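The structure appears right after this line, and notes come after that.
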Amino acid sequence: MSENILSLKNITKIYQAKNGETKALDNINLDVKKGEFVSIIGPSGCGKSTLLSIIAGLEERNTGEVYLDGEEIEGISSEIGYMLQKDGLLEWRTIYKNVILGLEIRGIKTKENEEYVNNLLKKYHLYEFKDKYPTQLSGGMRQRAALIRTLAIKPKILLLDEAFSALDYQTRIMVTKDVYSILRQEGITALIVTHDISESISLSDRVVVLSRRPAKIKNIHEIKFDMENRTPINCRERPEFSKYFDLLWKELDING
Amino acid sequence: MDNKNISEDRKKYLRKIRINKITVLITQIFVLIAFIILWEVLAEAKVINSFITSSPSRILDTFMNIKSNNLMMHLWVTAYETIIGFLAGTILGIIIAIIIWWSEFLSKVLEPFLVVLNSLPKTALGPIIIIWVGAGTPAIIVMAIAISLIVTVLDISNGFVNTDKEKIKMAKSFNATKWQLLTKIVIPSNISTFINTLKVNIGLSLVGVITGEFLVSKAGLGYLIVYGGQVFQLDLVMTSVIILGILAAIMYQSVVILEKIILREKK
Ligand SMILES: Nc1ncnc2c1ncn2[C@@H]1O[C@H](COP(=O)(O)OP(=O)(O)OP(=O)(O)O)[C@@H](O)[C@H]1O
Ligand SMILES: [Mg+2]
């Protein structure tokens with residue numbers, strides 16, 4: 001249970017541009033356990049997205065290694081799902097055609113996988129909308145569709161980069177709750193970048209606080225609520241919640 | 001959304017829109033008819049010299065004699081050259097734009113050349129084209145291609161480059177190949193760019209064809225216009241111009257219809 005599904009070792013990233021170098025990440029080390037939800041917060045522009053892009057294999061790193069299930073990975077791995085701020089749904093495809101895009105691209109559009117996708121659609125209340133187009137869906141439904149598209153390739157770990165920040169407050173709370181329960185049910189590990197302290201506390205088992213650019217790990221906090229059936233909504237009422245909030249707020253503030 | 005119970009206000013609003021539309025159309029027809037009548041009356045009354053302005057009745061006569069002056073043949077030649085030039089220019093332009101999108105290096109290398117070629121008046125190439133491919137239909141088609149090609153390349157490349165980065169990133173996270181990015185994301189994202197290019201290219205190909213026909217002077221509406229001008233047959237010139245206008249409108253409308261079909265398919 002406590003084996004590490006993801007390990008980052010000495011990750012450093014320096015962007016090269018015409019007008020100079022930008023060091024974005026400075027020697028990042030992080031272990032994520034199987035099934036764990038870990039949030040990453042830090043000042044704006046510190047390198048959070050860069051870190052996720054490196055794990056997803058979309059960006060090269062200068063030094064360091066990424067291990068998935070104990071094996072070093074290079075480039076894009078089919079075990080890692082990636083969700084961005086915009087849902088990226090293609091408006092010329094139906095919802096069904098959208099959620100199977102990953103299967104199509106990876107060339108694994110088999111009967112079983114399509115059945116799996118259909119089950120996900122049913123389970124998460126999008127099946128009736130499978131022949132609709134993205135513009136006909138609400139923001140929350142679109143984000144759920146984007147999640148199913150990512151889950152269709154059965155990733156072991158999901159990276160979320162401000163995945164909810166484009167939604168209005170109400171929808172966001174609901175989608176966060178949905179995504180939380182979906183990921184928990186499917187037993188997927190999540191690494192979540194957010195600029196919202198409350199969101200990070202409500203979703204995660206641990207919160208990683210990054211320093212200003214170049215990002216270093218400043219601190220890692222265990223988030224524990226003394227309650228059963230914790231959800232991103234009910235934990236907000238616990239006294240520990242505001243305690244954590246103050247703690248994280250101060251830590252970001254001193255930094256920024 | 002629910003068609004059955006449309007409110008009174010909605011009905012009023014819809015009626016207002018329809019009335020507005022009809023009024024505009026009627027006025028347009030009226031302006032056109034008034035213009036034709038005025039032209040005819042002034043020509044009859046010899047206020048204007050119908051030898052240099054022609055007149056609606058003389059244009060109609062020319063139309064009636066369509067067989068004797070071979071108008072149909074010339075119309076067909078122009079239409080045929082325009083369609084070939086349009087298709088070739090557009091398809092070639094799209095292929096070049098795809099190659100440029102594919103290779104960043106090539107795109108950097110070609111950029112200054114494209115910019116210079118774009119601002120160069122392509123009609124200046126006319127004499128060179130005629131010497132190279134001979135004075136005939138091929139030269140006219142090459143002219144039409146020369147005029148529409150560079151704009152097509154630039155517009156479509158621009159559309160390709162501006163494809164939503166997040167969608168590209170999303171597809172890349174599934175390990176999409178460059179070909180998959182092109183066919184699944186970039187091209188479908190740019191349907192409206194393609195349609196706009198088609199609309200622009202219809203006009204440009206006609207310009208190229210008419211210019212080519214002026215220079216080559218063998219057949220086509222462009223040739224008729226030049227010929228009619230030289231022998232002071234303004235009836236023929238005017239008739240050719242009007243037919244040209246109708247041809248341009250029909251071709252443009254075909255693109256509009258194509259657009260509607262594509263958009264309907266998407267919905
Ligand atoms: N492709 C790039 N080339 C050069 N510099 C870059 C590139 N991408 C990001 N950077 C720089 O690296 C730094 C970290 O960027 P990153 O997007 O990772 O920050 P972030 O923490 O996600 O910011 P935000 O809170 O705004 O989302 C920034 O200073 C940014 O300007
Ligand atoms: Mg970011």
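For chain A, the direction-averaged projected area of the alpha-carbon convex hull comes to 14.6 nm². Only Cα pairs under 8 Å and 6+ residues apart enter the sum, and on that basis the relative contact order of chain B stands at 24 percent.
At 20 °C and 1.002 mPa s, grab the translational diffusion coefficient of segment B:2-48 from Stokes-Einstein with a Kirkwood Rh over Cα pairs, rounded to a whole number in µm² per second.
This corresponds to a translational diffusion coefficient of 158 µm²/s.
In chain B, the longest principal axis of the Cα atoms and the axis of helix B:104-119 are about 20 degrees apart.
Computed about its Cα centre, the charge dipole of the protein assembly as shown is approximately 980 debye, with only Lys, Arg, Asp and Glu carrying charge at their Cβ. When every Cα-Cα distance of segment A:129-185 is counted in 5 angstrom steps from zero, the calculated P(r) takes the values 4, 17, 30, 25, 17, 6, 0 percent. Here the calculated FRET efficiency for B:Y80 and B:K108, from their Cβ-Cβ distance with R0 = 25 Å, stands at 0.05, rounded to the nearest 0.05. For segment A:66-92, a reduction of at least 50 Å² in accessible area between the chain on its own and the assembled protein chains (probe 1.4 Å) is found at A:I76, A:L84, A:K86, A:W92.
Taking the Cα centre of segment B:2-48 as origin and assigning +1 to Lys and Arg Cβ atoms and -1 to Asp and Glu Cβ atoms, the resulting dipole is close to 380 debye. Its Cα centre serving as origin, segment B:91-174 has a Cβ charge dipole (Lys and Arg +1, Asp and Glu -1) of approximately 140 debye. If you look at the Cα atoms of segment B:143-250, you get an Rg and a Dmax of 20.8, 69 Å. The residue list B:I22, B:I37, B:V47 was ranked by how far each Cα lies along the charge dipole of segment B:2-48 toward its positive end, using unit charges on Cβ atoms, and B:I22 comes out on top.
Beyond 21 Å in Cα-Cα separation lie the following of the pairs A:K86/B:K165; A:K13/A:K48; A:K13/A:K216; A:K109/A:K130; A:K109/B:K260: A:K109/B:K260. Compactness of chain B, taken as the C-alpha radius of gyration over 2.2 N^0.38 Å, stands at 1.31. Give me the base-10 log of I(q)/I(0) for the protein assembly as shown at each q in 0.07, 0.09, 0.13 Å⁻¹, Debye formula, one uniform scatterer per Cα, rounded to two decimals. The Debye formula, applied to the Cα set alone, gives -0.61, -0.83, -1.23. Bridging of A:K9 to aspartates and glutamates at a Cα separation below 12 Å is possible for A:D26, A:D31, A:E65, A:E72, once same-chain residues fewer than 8 apart are set aside.
Inter-chain Cβ neighbour count for A:98-106, averaged per residue, equals 4 (cutoff 10 Å, partner chain atoms only). For the residue pairs A:K154/B:K167; A:K111/B:K178; A:K122/B:K172, the alpha carbons lie more than 22 Å apart in A:K111/B:K178; A:K122/B:K172.
The values are calculated or read from the model by the stated rules, or taken from the named source; none is laboratory data. Keep in mind that this is a model prediction, so the values were computed, not measured. Cβ: placed from backbone, ideal geometry, glycine included. Neighbour counts: every protein chain shown. We work out accessible area using only protein heavy atoms, side chains counted, and drop any ligands, DNA or RNA first. Shrake-Rupley method; radii C 1.70, N 1.55, O 1.52, S 1.80 Å.
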